[in-house]
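Note sheet for the following structure.
The values are calculated or read from the model by the stated rules, or taken from the named source; none is laboratory data. Every value quoted in this text rests on a predicted model; they were computed, and no experiment measured them. Cβ: placed from backbone, ideal geometry, glycine included. Neighbour counts: every protein chain shown. Heads up: the accessible areas ignore ligands, DNA and RNA and are worked out on the full protein's heavy atoms, side chains in. Shrake-Rupley method; radii C 1.70, N 1.55, O 1.52, S 1.80 Å.
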Amino acid sequence: MDKPEKNNEKSSDNRTLADEHRDIEFGNNYRLEYIKHLISISTGVIIFSVTFMKDIITIQSVQKVDKYVLAVGWFMLLISVFAGILHMRYWAWYYISWGTNWEKPSAKLWRRKINIRRKIAEKLQVGGFIIGLTLLTIFTLLLIFK
């Protein structure tokens, strides 16, 4: 009686190939933007803090420990930037491996290795960002409350 026509209505089970491709593309773009934003923010924080370093270093209350906190914070942000670059590169290699001989055992092993490295790079990128930003915040708080 009131059955929907197949041409006019799609159920969630009857997705087209174009729908699947669109979802995969959206996921890939989201992932890439996430990686690029972390790289950009890390780089921006490093550049911003280095730019004003001459003003901070002249403050008499900065001690050796504070300088080490700042240096380690910068180092962790640099780790985040380089890990982010590797993270993007590993994703590219992962997808390239699906394009050629993807069923061979050697290709599956290669993807497994790349996926492990990609996950390590992601953890280093996010961890370096969080630790670096935290250390720069601690450095700033030490300056404010001295």
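A few points about this structure:
- In percent, rounded to a whole number, the relative contact order of the chain is 32, using alpha-carbon pairs under 8 Å and six or more apart.
- Where 87, 37 fall by accessible area, highest first, once all protein chains stay in place (1.4 Å): 37, 87
- The longest part of the chain holding none of the exposed loop chymotrypsin sites (Phe, Trp or Tyr not before Pro), meaning those outside H, G, I, E and B in DSSP with at most 16 other Cβ atoms within 10 Å, is 1-51.
- Choice from 132, 99, 44 with maximal GNM fluctuation in the chain (Cα, 10 Å cutoff): 99
- In the context of the full protein assembly, residue 51 retains an accessible surface of approximately 80 Å², using a probe radius of 1.4 Å and ignoring ligands and nucleic acids.
- Surface composition of the chain: carbon and sulfur make up 66 percent of the accessible area, probe 1.4 Å.
- J(HN,Hα) series, the range 126-136, from Karplus relation 6.51 cos²θ - 1.76 cosθ + 1.60, nearest Hz, glycine and proline x: 5, x, x, 5, 5, 5, x, 5, 5, 5, 5
- Accessible area in square angstrom per residue, the range 16-138, 1.4 angstrom probe: 67 Å²
- Helix content alone sets the calculated 222 nm mean residue ellipticity of the chain: runs of n ≥ 4 DSSP H residues at -39500 (n - 2.57) each, divided across all residues, give -28500 deg cm²/dmol.
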